[in-house]
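The values are calculated or read from the model by the stated rules, or taken from the named source; none is laboratory data. It should be emphasised that the depicted structure is a prediction, and the values quoted were computed from it without experimental measurement. Here the Cβ is made from the backbone with ideal geometry for all residues, glycine too, and neighbour counts use every protein chain on show.
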Amino acid sequence: MMRLEGIAAEIARRYGYRPIETPLFEQTAVFERGIGDATDVVEKELFRLAPRTDESESWSLRPEPTAGIVRAYIQHGMQTWPQPVKLMLIGPMFRYDRPQAGRYREFWQFDIEAIGDPGPAVDAEIIELADRFYREAGIQDPVIFINSIGDEACRPAYVTELVAFYGDHLDRLPPPERDRLARNPLRLLDSKDPAMVELNATAPRITDHLCEACAEHFAAVRSHLDALGVAYRLDPHLVRGLDYYTRTAFEVYPAGVAGQQSALGGGGRYDGLVELLGGRPTPAIGFGLGLDRVLLALEAAGLGAIADPSPAAVVVGADPAATADRLRIATMLRAAGLVARAELSRRKLGKQLEAAARDRAHFAVIVGDELADGQVQLRDLEAGTQKVVDVDHLAREIGRAHEAHHHGVAAPSS
Ligand code: AMP
């Protein structure tokens, strides 16, 4: 998880997204208004905190980060900053659900939001950022599905048509879907129920009902993705689970896998949310990528166990009691940016060297009598050679040789 967090933070930094932390819990109203009452996340999955007193506020654990970030954007006057405000958050989210594979009550997300840019170029930039994150994390060929879900100009007429379509086929709707039809008809489109999948194949498509502005926006998002060389598939049934989304919607799956439980992440444009939460009308887009799902996908691909870095050096010694010397020299190597382990046990030198080899260390630094002259023995465990080196030159010597053998390992700073 920490490795993924590191990759996410580094990519966000490269793209100019600055970190934001929001509270793990907020007033329930932030989520109810920001996510929408008629969504599963609010209706069934919100962890509501029991009030300690009879105070009127209700508090809940955050089920997703966007509502809290937009609340902070408004509350802290970020509308006066140069736009777009580009923010990133990595942290735990909480949803009440029956825990199952890939669906946890506490899970981690890497979240990106660009607030104050109507797109379409930034939409493509963000989708490309997600694609890059997966590739750098080790996911081979993530599959990106995109769609446009229109805006307040064209979606209402489409929803009316969709409701009429389902109304004509009420007998084919499973009871939960029938119930949902009245409250959140768009959600029926991405139902995974086989009966619904069959029915949905003939349902009216939002992309056939986009107004001119939304159609142009969607075409421009696609042409920007094409220009960036990002592969994607169109999915006219892709609707995001949260109500505040407009226009661009996307979701990412591991290659060859479908089904909601394996979605690696998703995102989209939410041009209506800032106003809904009390700010000025402000266009915005973002994504939330599930880090646990990335770990599961890597495990499924046999890439789960990422080996710990083998040390550049293990510092050993003929005097089993001289742990302070060994520790001091290892500390010096670490300060120079090298991965170093000090042998702190009091076992014999032979055993210490065996352990260094088991660690796949590149070098053993053997501390002995030469230390009185400021020197140690440096044994190259890979080459099987050994020489005397001044302690003052040790970090440079190890760093240079280690760098030459192990590409991608940071060179020491001195
Ligand atoms: P959502 O806001 O539901 O679209 O979630 C965004 C991403 O977070 C999903 O694509 C998943 O990767 C991840 N995710 C959502 N819910 C869970 C959960 N209960 N457990 C693990 N990951 C989740």
Being crowded, with 20+ Cβ neighbours inside 10 Å and under 16 Å from residue 270 (Cβ atoms) narrows it down to one residue among 61, 87, 46; which is it? 87
Residue check for residue 69: away from the ligand (no atom under 12 Å from the Cβ), under 20 Å from residue 290 (Cα atoms) and not aromatic (Phe, Trp, Tyr): yes
Could you figure out which of (1) outside any helix (DSSP H, G or I); (2) crowded, with 23+ Cβ neighbours inside 10 Å; (3) within 16 Å of the ligand (Cβ to nearest atom) isn't true of residue 114? (3)
Which condition number in (1) modelled with pLDDT of 90 or more; (2) surrounded by fewer than 18 Cβ atoms within 10 Å (Cβ to Cβ); (3) within 30 Å of residue 295 (Cβ to Cβ) is the one that residue 193 fails? (1)
Exactly one condition in (1) buried (at least 18 other Cβ atoms within 10 Å of the Cβ); (2) assigned to a helix (DSSP H, G or I); (3) not acidic (Asp, Glu) is not met by residue 220; state its number. (1)
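Each row is one residue, and each column tells you yes or no for (1) in contact (Cβ under 8 Å) with a residue 40 or more places away in the chain; (2) over 30 Å from residue 263 (Cβ atoms).
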{"site": "298", "(1), (2)": "yes, no"}
{"site": "317", "(1), (2)": "yes, yes"}
{"site": "331", "(1), (2)": "no, yes"}
{"site": "363", "(1), (2)": "yes, yes"}
{"site": "376", "(1), (2)": "yes, yes"}
{"site": "383", "(1), (2)": "no, yes"}
{"site": "395", "(1), (2)": "yes, yes"}
Of the conditions (1) closer than 19 Å to residue 289 by Cβ; (2) away from the ligand (no atom under 16 Å from the Cβ); (3) more than 15 Å from the chain's Cα centre (by Cα); (4) among the aliphatic types (A, V, I, L, M), residue 87 satisfies every one except a single condition; which number is it? (3)
Of all residues in the stretch 297-326, how many are within 30 Å of residue 144 (Cβ to Cβ) and in contact with a helix residue (DSSP H, G or I) (Cβ under 8 Å, 6 or more places away or on another chain)? 4
Which residue, of 127, 146, is in a strand (DSSP E or B), modelled with pLDDT of 95 or more and buried (at least 20 other Cβ atoms within 10 Å of the Cβ)? 146
Go through the stretch 273-338 and tell me which helices (runs of 4 or more DSSP H), entirely inside it, have 1 or more residues that are within 16 Å of the ligand (Cβ to nearest atom) and charged (D, E, K, R). 291-300
